[in-house]
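Here the structure is laid out as structure tokens; the discussion comes afterwards.
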Amino acid sequence: MAAVLALVALGCPAGEAPRPGVVVVLIDQLRKDAADRYLTQVNALAERGVVFEEMRSAAPWTYPSVISLLSGLYPQQHGADGHPTDTRLAHFDPEVPLVQKRLKAAGYATAAFVTNPFLLDWNAFHLGFDTFDPHFIRSQGDRRYAASVFAMSSMFADSVNLAVRAHFEARPLAAPEFTYIHYIDVHGPWKSAPFAPNYENAVRYIDGKVVELYTLFRDRYDGDLLFFVTSDHGRALDDDLDVGYGPEWRKQKASVHDFNLRIPFAILPGKRVPQARRIAGPSSNVDFVPTLLDWLDLPVDPPGPGISLLPAILDGEALPPERPIYARHSAFGDSNDGVVHGDRKLVRFFDVATGKVVVRHVFDLVKDPRETRSVTGDFPDADAEVEALAGTQGVAYEGVFRDASPEVEEQLRALGYLRDDP
């Protein structure tokens, strides 16, 4: 009888095994190669879990990327994006099927700890979380934020981890739990940071903080957890903006080059997680939702462009090498998209006013992984492929751009916004 009561308490019908705890840790602006070099403690754990080697984001900046991660939809489908020409951010439809809402409906207790102003409660991101804690930063509302929104005394991971620990220590485990934690340390700003202010030190600092969380949740769930570590996008380093055809097209967080798109994706050890599995082949962060729901035996409704990676995780099945991987940026005066197919990548740049393609490049990712020179040669059906993926594929939610109040406009002008943004 006690066993039956325990299963019911964890949100499982009698006769079914309890569901695992699920934790998603997102390290804002952490590119894949930096994670490989500097996340030494996390990587040591990941060596005993699952690592995806070719994960890409569906967008090169936070807002559309995170909503793609947690909805399984491309930006043009979920509508969480920036305005084509000004600094406004879309209010996305509350009906967008975010994974926290799906898990809450399945009996999970849900919580989020968020340090990025794009994801505060001015939009629908908080819906579906029983606990939503954004107190680490100040909100600038539905406009691109300035450095002044960050609270230097509370924005870093030490404060986040304290809040996470306090939250869970005050709550007995009574249901399966889903937790989303969004760190801003690697993104910055780094004034008053608890580490020497540069990108490498920020990554090394967050490394230990992720391990702290992993230990907390591993112990809380007695090892029955799915603990994901990933990022939303990368950033330019060294001469990434200057090589090839230069900064007119190669832009930090505003172009679909791989220095913006390649992100880490690892599942740390747990009772249900295979050991020492490294998975090559094309994958996208839109694959997270169908993978997690498949793992938890929950329906994917509506279906999106992502695929379940579970066969690769559990059985070592190869990911389909012919699968195209799409990414898009369309905000703040820049518009471009691209598709990776095998060792080739097509990138298209658009005129914002007319929507017409003004520049088209094809890259050989084996010979030229930094995408510095356009090549000629076969890329079968690339244009048709990218056109098909750029559509809504029958699933679309409308984002709404709202005008600022006079008070907010005055504040934004005082911060240097509503003019050309540097």
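Before moving on, here are some points about what is shown:
- Alpha-carbon centroids, segment 116-137 and segment 270-344: separation in whole Å: 25 Å
- Gyration tensor (Cα) of segment 83-147, equivalent ellipsoid semi-axes in angstrom: 24, 15, 6
- Nearest-0.05 FRET efficiency for ARG278 and ASP351, computed from C-beta distance (R0 60 Å): 0.90
- The Cα atoms of segment 229-378 give a gyration tensor whose axes a ≥ b ≥ c have a/c of 1.5 or more with a/b greater than b/c, which makes the shape prolate.
- Simple spin-label estimate for ASP158 and VAL400 in nanometres, 7 Å along Cα-Cβ: 4.3 nm
- Within the chain, longest stretch free of exposed trypsin sites (Lys or Arg not before Pro) [DSSP loop, at most 10 other beta carbons within 10 Å]: 1-190
- For the chain, excluding the exposed loop sites themselves (chymotrypsin sites (Phe, Trp or Tyr not before Pro), DSSP loop, at most 16 other Cβ atoms within 10 Å), the longest remaining stretch covers 1-194.
- A Förster radius of 25 Å combined with the Cβ-Cβ distance from ALA106 to LYS271 puts the calculated FRET efficiency at roughly 0.80.
- Chain lengthening between THR131 and SER374 when straightened (0.36 nm per residue, less Cα-Cα): 82.7 nm
- Once both labels are positioned 7 Å from their Cα atoms along Cα-to-Cβ, the gap between ASP364 and PHE195 label points is 3.7 nm.
- Zone residues, segment 59-102, relative to THR392, backbone N less than 11 Å from point 7 Å out along Cα-to-Cβ: 76-79
- Dividing the summed helix terms, -39500 (n - 2.57) for each DSSP H run of n ≥ 4, by the number of residues in the chain produces a 222 nm estimate of -7500 deg cm²/dmol to the nearest 500.
- Projected onto planes of every orientation and averaged, the convex hull of the alpha-carbon atoms in the chain covers 20.2 nm².
- Calculated FRET efficiency for the pair ALA166/ASP33, C-beta based, R₀ 41 Å, to 0.05: 0.75
- Percent RCO, i.e. relative contact order, over the chain, from Cα pairs under 8 Å lying at least 6 residues apart: 25 percent
- Per-residue extension of 0.36 nm, minus the Cα-Cα distance of ASP297 and ASP381, leaves a gain of 26.7 nm for this segment.
- Partner lysines whose Cα lies under 28 Å from the Cα of LYS345, excluding those fewer than 8 positions away in the same chain, are identified as LYS32, LYS251, LYS253, LYS356, LYS367.
- Residues in segment 253-290 reached by a label modelled at ALA318 [backbone nitrogen below 19 Å; 7 Å Cα→Cβ]: 277-284
- Length gained when the stretch ASP242-ALA174 is fully extended (0.36 nm per residue, less Cα-Cα span): 19.1 nm
Laboratory data are not the source of any read-out in this text; all were calculated from the coordinates shown. In this text, all values refer to a predicted model and were calculated from it rather than measured experimentally. Note: ideal-geometry Cβ built from the backbone for every residue, glycine included; neighbour counts use all protein chains shown.
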